Amino acid sequence: MEEIKKYIRDVPDFPKPGILFKDITPLLQHQETFRRVIDLFSKRYEGKGIDRVAGIESRGFVFASVLAYVLKKSLVLVRKTGKLPWKKVSETYDLEYGTDTIQMHEDAVSKGDRVLLVDDLLATGGTSKAACQLIEKMGGKVLECAFVVELEFLKGREKLRGVEAFSLVKF
Ligand code: AMP
């Protein structure tokens, strides 16, 4: 995991002052490490009865789509509001200041689907929790949430209550 950590770049004060942004683009540029991340995820989830892999916009798409391909499962896009063209379901969640909304097409998950949720990073857990609620609204079951990076001090996994969180690298 130290190997993976080396390819996560700290960018102070992005997107606003006081935030230390964990940039995963060096990891994507280093093909061995990118493959290692996907291999670790696929080993963990192979044969676990997953029907769909859901990725959270936008860095979550990168990992979710490759993982869906490798696991031979379908891919679900969880997007920020206003991006999806068809009939949608929405979930609004609290941010530090104000709220945000994520959406999914209403046919993206069917009743009884077993879904793996994927994002690049778990911070406060607000986004992933809202995504889990969307999937559950459609009758799906979230088997686990998988992240490349977890910012443990923000206690995001506590917010996910009832859904397991798995991360490769912790800060
Ligand atoms: P949260 O809802 O607080 O768990 O935030 C998770 C989402 O925001 C993920 O999609 C991350 O990509 C992004 N995010 C939050 N904090 C950071 C950070 N410090 N560095 C990089 N991405 C972040």
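Tell me which residues, restricted to segment 2-30, are assigned to a loop (DSSP other than H, G, I, E, B) and either among the small types (G, A, S) or surrounded by 10 or more Cβ atoms within 10 Å (Cβ to Cβ) (or both).
Passing the criteria: K6, Y7, I8, D13, F14, G18, I19, I24, H30.
Is it the case, given these coordinates, that T124 is within 16 Å of the chain's Cα centre (by Cα), assigned to a loop (DSSP other than H, G, I, E, B) and not aromatic (F, W, Y)?
Yes; evaluated as a whole, the condition is true for this residue.
Evaluate the following for D120: is it within 20 Å of E164 (Cα to Cα), within 8 Å of the ligand (Cβ to nearest atom), at pLDDT 95 or above and acidic (D, E)?
Yes; evaluated as a whole, the condition is true for this residue.
Out of the residues in segment 41-72 that are touching a residue at least 24 places away in the same chain (Cβ under 8 Å) and in a loop (DSSP other than H, G, I, E, B), which is nearest to I8 (Cα to Cα)?
Result: E57.
Given the conditions (1) within 12 Å of the chain's Cα centre (by Cα); (2) outside any strand (DSSP E or B), and given that A146 satisfies all but one, which numbered condition is not satisfied?
(2)
Give the number of residues within segment 80-115 that are assigned to a strand (DSSP E or B), aliphatic (A, V, I, L, M) and away from the ligand (no atom under 16 Å from the Cβ).
Final tally of qualifying residues: 2.
Please verify whether segment 126-144 includes one or more residues that are among the hydroxyl-bearing types (S, T, Y) and surrounded by fewer than 21 Cβ atoms within 10 Å (Cβ to Cβ).
Start the filter on segment 126-144 by keeping residues that are among the hydroxyl-bearing types (S, T, Y), which leaves 127-128.
If we keep only those that are surrounded by fewer than 21 Cβ atoms within 10 Å (Cβ to Cβ) as well, we get none.
Checked segment 126-144: no residue is among the hydroxyl-bearing types (S, T, Y) and surrounded by fewer than 21 Cβ atoms within 10 Å (Cβ to Cβ).
Look at segment 1-50 and say how many of its residues are acidic (D, E), farther than 19 Å from K170 by Cβ and within 15 Å of the ligand (Cβ to nearest atom).
1
The values are calculated or read from the model by the stated rules, or taken from the named source; none is laboratory data. Bear in mind the structure is a predicted one, so any value in this text is a computation, not a measurement. When we count neighbours, we look across all protein chains shown, and the Cβ atoms used for this are built from the backbone with ideal geometry, even at glycine.
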